[in-house]
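See structure below.
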Amino acid sequence: MSSPSQSIQADPQFSAEERAAVYRAIHTRRDVRGQFLPDPIPDEVLARVLNAAHHAPSVGFMQPWDFVLVRSPEVKQQVHQAFAAAHAEAELMFEEGKRATYRKLKLEGILEAPVNLCITCDRRRNGPVVIGRTHIAAMDLYSSVCAVQNLWLAARAEGLGVGWVSILHQQALREALGIPRDIIPVAYLCIGYVSHFYDRPELEAVGWLPRLALGELLHFDRWQGAADAAGAALLARVDATGAARS
């Protein structure tokens, strides 16, 4: 009898429709802040997106993540207070011309989203020596970020919005959630159904920053390496693909 994993891989090729769905989730994913609805997330839906996160790639298969699910209004309020304090500090870090724009931006949905989720990294899991982390110590942190992205894409496929709240002091978040000192809070996420998804990322739409052209970020064989004929053909295809999506 084949194992479940073997059954999943029985047909390694995606159909055109399946492939299109993957790219649709990637290109329509948004960082959601102000469009959350109060509708509860069914357990079966939340279980699917959490399982997607848990199946992210991880260095040495160490699976360093834990998931702190937050539904309590009291706990959300504590986190929101921590955000408000950090938000006020952050405003003063921008040049005068951008402060007014920054002040108008909605940068979290902590109280509005029915579910908040903190994804953490246990850097001591499975011992001090981990395959693949022997020379790049931050690989466990990168692995936890992969779990965030898996969850984000699965949530988008389920019609859920996700917002990553990064304007927080880690210690304040630790205190609000009772996270031990040796556990790293990687991402604090707001999750829920939304009234709509924006066509473009909000910060792009309001003119905070433009999307960079992928062709300007490609290098060949070394940093700042120029394209040969094959590279030039790829650049043309990259430009055409980007134009088709814009």
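The values are calculated or read from the model by the stated rules, or taken from the named source; none is laboratory data. Here the structure is a predicted model, which means the values were calculated and not measured. We place every Cβ from the backbone using ideal geometry, glycine too, and count neighbours over all the protein chains shown. Please note that ligands, DNA and RNA were not included when accessible areas were found on the heavy atoms of the full protein model with its side chains. Shrake-Rupley method; radii C 1.70, N 1.55, O 1.52, S 1.80 Å.
Answer with yes or no whether ARG99 is at pLDDT 95 or above, of a type in the set (Lys, Arg) and open to solvent by 50 Å² or more (accessible area, probe 1.4 Å). So ARG99 does not fit the description; no. In this structure, THR101 qualifies as in contact (Cβ under 8 Å) with a residue 24 or more places away in the chain, over 16 Å from the mean Cα position of the chain (by Cα) and over 30 Å from ASP43 (Cα atoms). Residues of segment 79-111 that are within 14 Å of LEU177 (Cβ to Cβ) and not in a loop (DSSP other than H, G, I, E, B): VAL79, HIS80, GLN81, ALA82, PHE83.
Could you say whether any residue in segment 112-135 is in contact (Cβ under 8 Å) with a residue 40 or more places away in the chain, part of a helix (DSSP H, G or I) and open to solvent by 40 Å² or more (accessible area, probe 1.4 Å)? The answer is no; no qualifying residue exists.
Every condition in (1) touching a residue at least 12 places away in the same chain (Cβ under 8 Å); (2) part of a loop (DSSP other than H, G, I, E, B) holds for ASP239 except the one numbered (2). Regarding LEU37, is this residue closer than 30 Å to VAL129 by Cα, modelled with pLDDT of 95 or more and in contact with a strand residue (DSSP E or B) (Cβ under 7 Å, 6 or more places away or on another chain)? It is false that LEU37 is closer than 30 Å to VAL129 by Cα, modelled with pLDDT of 95 or more and in contact with a strand residue (DSSP E or B) (Cβ under 7 Å, 6 or more places away or on another chain).
Residues of segment 213-228 that are hydrophobic (A, V, I, L, M, F, W, C) and either more than 26 Å from ARG245 (Cα to Cα) or under 24 Å from the mean Cα position of the chain (by Cα) (or both): ALA213, LEU214, LEU217, LEU218, TRP223. Against the conditions (1) out of contact with any His (no Cβ under 9 Å at 6 or more places or on another chain); (2) under 26 Å from ASP199 (Cβ atoms), GLU108 satisfies every one except (1). Of all residues in segment 25-41, those satisfying the criterion of being of a type outside the set (S, T, N, Q), assigned to a loop (DSSP other than H, G, I, E, B) and surrounded by 13 or more Cβ atoms within 10 Å (Cβ to Cβ) are ARG29, ARG30, VAL32, ARG33, GLY34, LEU37, PRO40, ILE41.
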